Amino acid sequence: HPHPVAAMAEPDYYALIGVERNATLHEIRSKFRQQVLAQHPDKGGDPKKFQLLNKAYNVLTDPEKRKRFDATGRTEKSAEEEFVEGFGGGRLGQRPKDADDRAVVNLQDRIITGPQAHEDGFQEWLRQRDQSEMVLTDKDFMKTALFNAAELSTQIKHSGPIQHVLGSPTNSYGQALGGTVQVQVKPRPMKRAIDHDEILVRMLAVPVEDSMLYAELDKAGVCLGMTGVGRIEQLGARVEELRPEDMVLLLPKPTKYSSQRPIGTARTLLACSEEDVIKLPDSILEELTPEQICLAPAIVCGYILLESYGSRLKPGESVLLNAAHLSAGGSALLQLCKLLKLKPLCLLSLPGMPVAVVKGEYGSKAAWQDAEVPPAAPAAVRAKYERISEMLITLGAEEVFPDAAALLRWRDRNQRMLPKLALDGVSSRDSCEQLLHCLQPGDKDSQLVVYGFGTAQPLSISPPLLSAWGGSLAGFNIARWVHSLSANTKKMMSVMENVTKLVRANKFTLDTVLYKVGQDPIAEAFSRAADAADSAQVVLTFPTLQEELSASSEQLTRQKELQEQAKEKELKRKAEEEEREKLKNEWLSVLFGEKSIAAMSPEGPLPIGFEGGRRNPSSLLVWLGDSPKSDNAALKTLPAGSSGVLSLSWSEHSAGEALLAVDLNAPQVTDGSWYLRKQSAFENVDLDLLHDVEILGRSMVETIEPKLGEYGLDWKDVVILGFGKGAGIALYAALLRLIPKPVAAMVFFSPVVLFPAVLEEKMQALKRGSSAMKLFTIWGSRDRATPNAYRQLLAQTLRKAPDLYTTPDTLPDGGHEFDQKSLDLLESVLPLCFSR
């Protein structure tokens, strides 16, 4: 019978010995004796042929090897055959249909199937127990009953800081917003010693997985990472089973750490408990790099999922996956399905791609036929989808769909059976519900398994949908599975040894992209890991301890240099600040005085915008407003009686440009902070404004004095009227005695007085005058340019003014403007200005 593998390198062992394929064991032995005597090298035979005769005898006299040779023409198993035969105890090989049922070792099943003695049941219970949990060692006693004695601690040799990958919540208030964590790399000091039962691990590789990307942190600066690979750097005094330089896999118990409080493997050195690590066998280390070994939890997770939940699937049946394109876990699941002759159906959802959401009753066509057809995806997203789909099919996917509705349409067209098993690695809010619509009903052993960390958000499944489906909904966590039984740790290493053989035979690939902590941008690493369109697994590598020490030394040197530079800069800044403060104080001290620049260098009188009233007046009304044109038009209608009227325009003077540019609607004005500014916070522009107010005040006096001489009047016959900034100029001039003598009265509407604190300080330095002045202030009730805080401060300042009697008033519904209401109120106030 010719073999399909006749072209293989192994010869025909039956022909070598000279027997037929159906020869008995006795015939094979007889023929072998004849051949071996004739072909013995001592009798001139060929040594190579003599070796082949021995091998042929060994193969044909071993029932298993002979059976394999008859079936395949080979005596050695391929990596795929070894993997399939070892998967689930060989359940995918040539076994009887009831072999799995008979292989189940479960106390409850045995009690149901037949009677047994109490002693047999007790022995069965003992076999099912995890022996490691039943033994109390001296280490456990030290850990639970005693304290960690200081004399048993071990000093850590590395003295400098080490690199940490730190995560923070997605906002500054410690509240998660559903996105990836904020991440940064910072050097932080190590603790000085490890306890008697601790080990110090030098981390080599850490995968960036969902539990890092979407960690539910409640504070900033938390070191990330729940798994990784490293070498032991130091051991505690009572650690016996490990040795320095042993390669270990970090996989702590999930009950010990959580996403809020991870163990923090993403650092150069990690102090952890002995029970948090698993020693790696040499067979794995010889074939795989640390960057590949750190993916062991994801790979074994895929293996156990298929072995535990896909045990009843037959070759050729389908498995539904929604995370085949995500990181190493999805890739491993896809490749394992291919090796086991299962047909994966993949849902590929990419950011920016519209999807049709299946909603409605389970099993009804309307649920997917009525789904809203999504708009076409952008060209870039569409090209990315096609590229990833092609990659998934190459790795073993049967079909790739953008959403559940597309899968159900494909199934309806091709009359295909829906899968019995779905594995949810996306674990988003509606991922379970969409997968559930694509599964067979529960009476056909349908299962949905959630194994992904997702984005740490709750899952949403409609109860009527779940009950109508009737299948089994389960969750799986690889770390919990490994630590549930001590035998599972050995099983994990056995699976990785099988995967190692597959990698060696180029039947299994691990696509990784490496980022070195402290050298490559960490934000880019996390961004790439979170990108659903990038199937490569991001792995963090770490600097050596020598590099850490060198970086620490360089950092200390650089830090000292920066400190010296900062110190010099601070001294220089302080010197400049002191000099600036000195010049500012000198400037303020001479301001509004006889030796000020404005007094020494006057800039001429203010322009006269309007002059009216009686030709030979008995008094003079002087107006200083902000809008010359509208003000002049209103003043022409003012009944002046026996008074003359003089309107001055400060805004048309050369010194009024900066004051005119002050925006009274600016936030710092309307909230009062501009008025309340202290002298220590003054800037050059503030000093310039005060200087301009002094110039304008002196120019106002320079304009009025010739008119008083012309009319034969004195300052006691003058009433100064004003509005806004002009009123502020006049108030500064009157209270700081730029006006040589007291005037009869002042009437100001919404006066804008720059920095009342300066006015108060200057007034206190003046001597008390001989006669008093009247001041009427009228404020608009809706004037936002003069907020209450400013009005209160100005009122306090005016109360401290010597010989000043202030009468405040409010104009109902008045804004920051001089209108007809203001003019009417001015007419009623004027008679009060001349009363004695």
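Quick check: with the 1.4 Å probe, what order do THR541, THR806 take by accessible area, largest first?
The ordering from most to least exposed comes out as THR806, THR541.
The stretch 628-735: percent of C-alpha pairs farther apart than 25 Å?
Summing the P(r) tail past 25 Å for the stretch 628-735 gives 30 percent.
If you average over every viewing direction, what projected area does the convex hull of the Cα atoms of the stretch 584-660 give, in nm²?
6.7 nm²
What do you get for the angle between helix 404-414 and the principal long axis of the chain? Use alpha-carbon atoms, 0 to 90 degrees, nearest ten.
Helix 404-414 sits roughly 40 degrees off the main axis of the chain.
Which value does Rg/Rh take for the stretch 663-791 over its C-alpha atoms, Rh per Kirkwood?
Expressed as Rg/Rh, it is 0.98.
Would you work out which of PHE610, PRO244, ALA215 lies farthest towards the positive end of the dipole of the chain? Charges go on Cβ: Lys and Arg +1, Asp and Glu -1.
Of PHE610, PRO244, ALA215, it is PRO244.
Any aspartates and glutamates with Cα under 17 Å of the LYS767 Cα? List them, leaving off those in the same chain fewer than 8 positions away.
LYS767 reaches GLU594, ASP803.
With no solvent and one point on each alpha carbon, what is the Debye value of log10 I(q)/I(0) for the stretch 511-637 at q = 0.12, 0.16, 0.21 Å⁻¹?
Evaluating at q = 0.12, 0.16, 0.21 Å⁻¹ gives log10 I(q)/I(0) of -0.82, -1.03, -1.16.
For every other residue with a beta carbon closer than 11 angstrom to the beta carbon of PHE682, add +1 if it is Lys or Arg and -1 if Asp or Glu, then tell me the sum.
That sum, taken over residues with Cβ under 11 Å, equals 0.
I'd like the distance between the alpha-carbon centres of the stretch 715-783 and the stretch 279-295, rounded to an integer number of Å.
Here the two parts' Cα centres lie 87 Å apart.
So how exposed is TYR257, as accessible area in Å² (1.4 Å probe, rounded to 10)?
40 Å²
Using helices alone, what [θ] at 222 nm do you get for the chain, with -39,500 (n - 2.57) per DSSP H run of 4 or more residues, divided over all residues and rounded to the nearest 500?
-12500 deg cm²/dmol
Any chance you could give the angle, 0 to 90 degrees and rounded to 10, that helix 47-60 forms with the longest Cα principal axis of the chain?
Between the helix axis and the principal axis of the chain, the angle is about 90 degrees.
Could you pull the accessible area for GLU64 with a 1.4 Å probe, rounded to 10 Å²?
Here the residue's solvent-accessible area equals roughly 120 Å².
Net charge near GLY452: determine it from the other residues with C-beta under 11 Å of the C-beta of GLY452, scoring Lys and Arg +1 and Asp and Glu -1.
-3
How large is the accessible surface per residue of the chain, computed with a 1.4 Å probe and reported in Å² as a whole number?
51 Å²
Could you name the lysines in cross-link range of LYS186, using Cα to Cα under 24 Å and dropping any fewer than eight places away on the same chain?
The qualifying lysines are LYS157, LYS219, LYS516, LYS560, LYS567.
Restricting things to alpha carbons, find the Rg to Rh ratio for the stretch 162-285 using the Kirkwood radius for Rh.
Taking Rh as the inverse mean 1/r over Cα pairs, Rg/Rh reads 1.00.
Pairs to check: LYS253/LYS490; LYS629/LYS741; LYS253/LYS507; LYS77/LYS338; LYS343/LYS420. Give those whose C-alpha atoms are more than 20 Å from each other in this structure.
The pairs that break the limit, which is 20 Å between Cα atoms, are LYS629/LYS741; LYS253/LYS507.
Considering the dipole of the chain built from charges on the beta carbon (Lys and Arg +1, Asp and Glu -1) around the Cα centre, which of ILE695, ILE28, PHE749 is farthest to its positive end?
Of ILE695, ILE28, PHE749, it is ILE28.
Full-extension gain between VAL357 and VAL381, please, as 0.36 nm times their residue separation minus the C-alpha to C-alpha distance.
6.8 nm
To two decimal places, what compactness ratio does the chain give when its Cα radius of gyration is scaled by 2.2 N^0.38 Å?
So the chain has a normalised radius of gyration of 1.62.
Which angle from 0 to 90°, rounded to the nearest 10, does the C-alpha axis of helix 788-799 make with the longest principal axis of the chain?
So the helix axis and the longest Cα principal axis differ by about 40 degrees.
Tell me, what % of the accessible area of the chain is carbon and sulfur with a 1.4 angstrom probe?
That share works out to 51 percent.
For the stretch 566-615, rounded, prolate or oblate, judged on the Cα gyration tensor with a ≥ b ≥ c (square roots of eigenvalues), a/c < 1.5 rounded, else prolate if a/b > b/c?
prolate
What are the equivalent ellipsoid semi-axes of the stretch 369-416, built from the alpha-carbon gyration tensor (square roots of five times its eigenvalues), in whole angstrom, biggest first?
Its equivalent ellipsoid spans semi-axes of 20, 18, 6 Å.
Go ahead and run the numbers for FRET between LEU676 and LYS582, Cβ-Cβ distance against an R0 of 22 Å, rounding to 0.05.
With a Förster radius of 22 Å, E is 0.35.
Compactness ratio of the stretch 256-314: Cα Rg over 2.2 N^0.38 Å, N = residue count?
The reported ratio for this selection is 1.47.
For LYS636, give me every one of the aspartates and glutamates with a C-alpha distance below 14 angstrom, ignoring sequence neighbours fewer than eight places off in its own chain.
List returned: GLU611, ASP819, ASP824, GLU827.
Using a 1.4 angstrom probe with every protein chain in place, what is the largest-first accessible-area order of THR797, THR557?
Highest to lowest solvent-accessible surface, that is THR557, THR797.
Would you work out if the stretch 216-349 is rounded, prolate or oblate? Take a ≥ b ≥ c from the square roots of the eigenvalues of the alpha-carbon gyration tensor; rounded if a/c is under 1.5, else prolate when a/b is larger than b/c, oblate otherwise.
Note, shape of the stretch 216-349 comes out prolate.
May I have the convex hull volume per residue, in Å³, for the Cα set of the stretch 797-836?
95 Å³
How much accessible surface does PHE592 have with a 1.4 Å probe, in Å² rounded to 10?
That residue has around 20 Å² of solvent-accessible surface.
What's the local net charge at LEU708, with K and R +1, D and E -1, over the other residues with C-beta under 11 Å away?
Summing Lys/Arg as +1 and Asp/Glu as -1 gives -1.
Considering the Cα trace of the stretch 447-605, what is its radius of gyration and what is Dmax, both in angstroms?
34.3, 102
The values are calculated or read from the model by the stated rules, or taken from the named source; none is laboratory data. This structure is a prediction, so every number in the text was calculated from the model and none was measured. Neighbour counts are summed over all protein chains in view; Cβ atoms, including those assigned to glycine, are modelled from backbone coordinates with ideal geometry. We work out accessible area using only protein heavy atoms, side chains counted, and drop any ligands, DNA or RNA first. Shrake-Rupley method; radii C 1.70, N 1.55, O 1.52, S 1.80 Å.
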